[in-house]
Protein chains: 2
Amino acid sequence: MNGAAHITLVPDLMWHRGEFRTGLAVTLAGDRIAAVGPRDDAAGPRTLLPGKALLPGLVNAHSHSFQRLLRGHAQVQRGELKRSDFFSWRETMYRLAASLTPDDLLVVARHAFTEMLSSGITAVGEFHYLHHCPDGQRYADPHETSWSLIQAAKDVGIRLCLLRASYLRAGAGKPLQPLQRRFSDGSVEACVTLTTDLAARVAAASDGRVTAGIAPHSLRALPAEAVVQLAVAAQRLDAPLHMHVAEQPAEIEEVRSEHGNTPLAVLASCGVLTPRFVAVHATHVTAAELDAMASAGAGICLCPATEADLGDGAFATPEALCRGLSLSLGTDDHITMDLLRQAGDLEMRERLRQQHRLVLPRAPHALLDAATAGGASALRLPCGRIEPGRLADLVAVDLEHPALAGWEPSANALTACLLYSSGSATVSDVWVAGEHLVQSRGHATADAHRFAFANLARRIWS
Amino acid sequence: MNGAAHITLVPDLMWHRGEFRTGLAVTLAGDRIAAVGPRDDAAGPRTLLPGKALLPGLVNAHSHSFQRLLRGHAQVQRGELKRSDFFSWRETMYRLAASLTPDDLLVVARHAFTEMLSSGITAVGEFHYLHHCPDGQRYADPHETSWSLIQAAKDVGIRLCLLRASYLRAGAGKPLQPLQRRFSDGSVEACVTLTTDLAARVAAASDGRVTAGIAPHSLRALPAEAVVQLAVAAQRLDAPLHMHVAEQPAEIEEVRSEHGNTPLAVLASCGVLTPRFVAVHATHVTAAELDAMASAGAGICLCPATEADLGDGAFATPEALCRGLSLSLGTDDHITMDLLRQAGDLEMRERLRQQHRLVLPRAPHALLDAATAGGASALRLPCGRIEPGRLADLVAVDLEHPALAGWEPSANALTACLLYSSGSATVSDVWVAGEHLVQSRGHATADAHRFAFANLARRIWS
């Protein structure tokens, strides 16, 4: 606000209080939303958006940007046919992870973030664990690779919450594998120090679009006391706390061997489950564990396309929604950046499984909320809703797209068309912090970033 | 050929013999492919397609075009929350079906077919059952509504196989419901006569883009002797023979009550399973039934998005592919026209179910074959492959689309990106019978058809 220029956007429809509504306008002042109200009441300069529906920018709560390089290459047979699973995929991912320089990370993140913007994603939680040199030595600046990601976000304009991950071991009593060395800070103390230090430096930089969060990688990769210390740091810094939880049955068995209980039970007994905690995946959880998450106010981040790609399995979405659990969504390995279709797929998968229809409570509306307000909660960012005081992160979809034709006169049908039919292909314009970054599908530097990324992919996979 | 002008298309990559290959060009002569060979050998005028990959036009083997009106409207709760299933959806569909005039069918088909073209679909099998007036009376021309669909196809340029459906009853011993009256020709003899008559009139019209096929609706809607007579007619006319089979458990139980056996067992004993027969859905089938289909050379048409939308359940794709069954794909109720993503979803659903990766034999290549050559087989059309003598039905995808970036240097990765990541959003150009109908994403009459369709939807759902 602070005297910033006001601009009022006047779309045909606006997502407001959980549904599309007509007759509304939104006034932006600097990087914030100043007012939402009837279009006829709006003062100041107006930008008409005929044929557009405006929604909050989508929030991608779980990204490993470097894995964008795996797209296509990790989804096909190489050589003779053999059984493949999460762990064979992980070997491919580890080899890729060990090969990338800080400059490579900049290149891949610039393209991945631009592709996200073009798909309507205005904020991303980057769960980052490629910290050190491939042999585990530190770079001259121990945050070298974090700066690559932050630079990429600044270059393309996306909002970034850098969730710095801590990783110390291959499993209980198992030393790091050679390909895991660059993930590790070496000790619990170093994890906490480096994480806290990065958060302080990010805060000192006062870039309104970059924030820091804390990410104990998993109970496999960390002893419980490390998770507790990182949770304490997160509380001290008032930062989000994200962790991979219960993605694979083998991981649960490993935790059970070490702790005599499941990951969520261990986390509950450590006091880690709070409203700032987000369990990523939570694919293999019990009803009692969902109850514990719900009563603690903790969140769950689902990555539906990745959970299919990696053969993780399907999350119990109806059970989570019935308990009022706060859900967010992530693109994780980036097999697709289409967060709208991934949201819709949660309902469609349940229809296949239950052989019934309209199975998720408040779907598709609750699913669009997960992709917007739910993500904002998960990253503790004041975006995700078109409301005064929130960040001016917005997306316009093209109501003249052939896939959306016929939604009238029901705004609910438009929500269904976006999530079940068109997905992000209808996104035409994107604003982050009030800045109009994607205009009529175009982003100023997209071609240059794509070109550099394609060259990198060619080098990596040749 | 016949002295038609030759034109040679020179893309960066071409789908040929089951994979993307570089260095090839395709020469078109009239509505056919005249030659495929090394790009340097191609004679005559050349159209360079830099940054494009060329694939055979996608074949949509199962469409009810009028159901495009249901998109969005049939996927949300209306009024209070209640359990919904295939049968409650069908009530909504029946009410819609009873309300449409022949002109309405023209309007909805023009938009649906244009949307298909823009999504890379060059041929559609229209399983058509809205034949008569809502009260069951015949129109002055008993093929009135068929002409609407044929006119729509001609107006937009898509290739059409009109699969005229026969429908006589609500079930064994159950007379037609009022909302089903317009589906029925009244008797087995009338079904055969009208079907044969339409096929003759379509053949006499000698429009190279329109053919006729025969579609006994289902064993629920027809006595077995009607199916046999229609199968005989199909053989006489050398036409495709399509039928809904085993979509819902309740349907199987009904057939079992009447015949003492499952639908596929009944069809096998009637001698209907031949290479011209295509079972649509076949969701609930046994391994023995798949064996019978395979040894008869019969095909199966899957409609993955509809089978999710309607809560049908998931087809046993791995078991079908292992048996070498000929698979094709359809958009059915048109919740999405993205046939590439629907093809890819077959693999992704199996990964979720099996909690393994790379589960379908020869995926993603076999899945792209199903969407092209498999569909061509199902409709008995000489398209679906880029080979000399085949129809010049082609699709170009934009290799500069952000979702495809990074596929190089592996053509297999490009196939995976198309099916698992980008889907049809990358389609830029479409040719049917050598005619360049979609150019840089634009179709000449798309806006007019979309506008008329939106008006119709507004009228229907107000």
### Teacher prompt: A:Asp238 distances to equivalent labels in other copies, 7 Å Cα→Cβ, nm
7.9
### P(r) histogram, all alpha-carbon pairs of the protein assembly as shown included - 10 Å bins from 0, percent
2, 12, 22, 25, 19, 12, 6, 1, 0
#### Entry: More than 16 angstrom apart: percent of Cα pairs within the stretch A:251-305
39
### Query
Accessible area lost on pairing A with B, both sides, 1.4 Å probe, Å² to nearest 100?
5500
### Task
Using DSSP to define loop residues, name the trypsin sites (Lys or Arg not before Pro) in the stretch B:151-248 whose beta-carbon has at most 14 other beta-carbon atoms within 10 Å.
none
### Summary
With Rh as the Kirkwood radius over Cα pairs, the stretch A:38-147 has Rg/Rh of 1.16
### Message
Give the separation of the Cα centroids, the stretch A:35-110 to the stretch B:1-74, in Å.
### Response
31
### Query
Given chain B, what percent of its DSSP beta bridges are antiparallel, to the nearest 5?
45
### Task
Please report the Cα spread of chain B along all three principal axes, rounded to whole Å, starting with the longest.
66, 51, 49
### Integer Hz, Karplus 6.51/-1.76/1.60 couplings in order for the stretch B:29-45, x for Gly and Pro
9, x, 8, 10, 8, 8, 7, 10, x, x, 4, 6, 8, 6, 9, x, x
## Note on the structure
Note on the stretch B:399-462: contact order normalised by length, alpha-carbon pairs under 8 Å, 6 or more apart, percent, works out to 17
### Message
Check which residues have an amide H placed less than 5 Å from B:Ser166's amide H, if you skip close sequence neighbours.
### Response
B:Ala215, B:His217
### Message
Tell me the Kirkwood radius of the stretch A:110-163: reciprocal of the mean inverse pair distance over distinct alpha-carbon atoms, in Å.
### Response
11.8
### Task
Using only alpha carbons, build the gyration tensor for the stretch B:179-257 and give me the equivalent ellipsoid semi-axes, biggest first, whole Å.
25, 13, 12
### Task
For B:Ala200, go 7 angstrom from Cα along the Cα-to-Cβ vector, then report the distances to that same point in the other copies in nm, smallest first.
9.2
### Query
Which residue of chain A is nearest the rotation axis onto chain B, counting by its Cβ, and what is the distance in whole Å?
A:Ala425, 2
### Query
Of the beta bridges DSSP finds with both residues in the protein assembly as shown, what % are antiparallel, to the nearest 5?
45
#### Entry: Amide H partners (placed H, <5 Å) of B:His16, local residues excluded
B:Arg21
### Query
Helix by helix, which DSSP H runs in chain B go 18 Å or more along their axis at the Cα atoms and have an average Kyte-Doolittle hydropathy of -0.5 or more?
B:86-99, B:102-118, B:144-156, B:188-205, B:224-237, B:446-461
### Summary
Within the stretch B:1-90, DSSP-loop trypsin sites (Lys or Arg not before Pro) with at most 11 other C-beta atoms within 10 Å are B:Arg17, B:Lys82, B:Arg83
### Message
Under the rule of at least 5 residues apart or a separate chain, name every residue whose amide H is placed under 5 Å from the amide H of B:Ala212.
### Response
B:Leu162
### Query
For the stretch B:175-240 and the stretch B:382-458, what is the separation of their C-alpha centers, rounded to whole Å?
32
### Summary
Probe 1.4 Å, heavy atoms of protein chains only: per residue, the accessible area of the stretch A:181-331 in Å² is 32
### Task
Please work out whether the stretch B:204-343 counts as rounded, prolate or oblate from its C-alpha gyration tensor, where a ≥ b ≥ c are the square roots of the eigenvalues and a/c under 1.5 means rounded, while otherwise a/b larger than b/c means prolate and anything else oblate?
rounded
### Query
Which whole-Hz ³J(HN,Hα) couplings does the stretch A:206-219 yield from phi under the Karplus relation 6.51 cos²θ - 1.76 cosθ + 1.60, θ = phi - 60°, glycine and proline marked x?
6, 8, x, 9, 10, 10, 10, x, 10, 9, x, 4, 5, 6
## Note on the structure
A correct Karplus calculation of ³J(HN,Hα) over the stretch B:298-307, with 6.51 cos²θ - 1.76 cosθ + 1.60, θ = phi - 60°, whole Hz and x for Gly and Pro, returns 6, x, 10, 9, 9, 10, x, 6, 5, 5
### Task
Run the accessible area of the protein assembly as shown with a 1.4 Å probe and give the carbon-and-sulfur part as a rounded percent.
51
### Query
In bins 10 Å wide, starting from 0, what share of all Cα pairs of the stretch B:95-225 does each bin hold, as a percent?
13, 43, 34, 10, 0
### Query
How about the stretch B:354-381: which of its residues lose at least 40 Å² of accessible area in the presence of all protein chains relative to their chain isolated, using a 1.4 Å probe?
B:Gln355, B:His356, B:Arg357, B:Leu358
### Task
Before rounding to the nearest 500, sum -39500 (n - 2.57) across all DSSP H runs of length at least 4 in chain B and divide by the residue total; then give [θ] at 222 nm in deg cm²/dmol.
-10500 deg cm²/dmol
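The values are calculated or read from the model by the stated rules, or taken from the named source; none is laboratory data. Values in this document were obtained by computation on a predicted structure and should not be read as measured data. Backbone-built Cβ (ideal geometry, glycine too); neighbour counts: all protein chains shown. Surface areas here come from the heavy atoms of the whole protein model, side chains and all, with no ligands, DNA or RNA. Shrake-Rupley method; radii C 1.70, N 1.55, O 1.52, S 1.80 Å.
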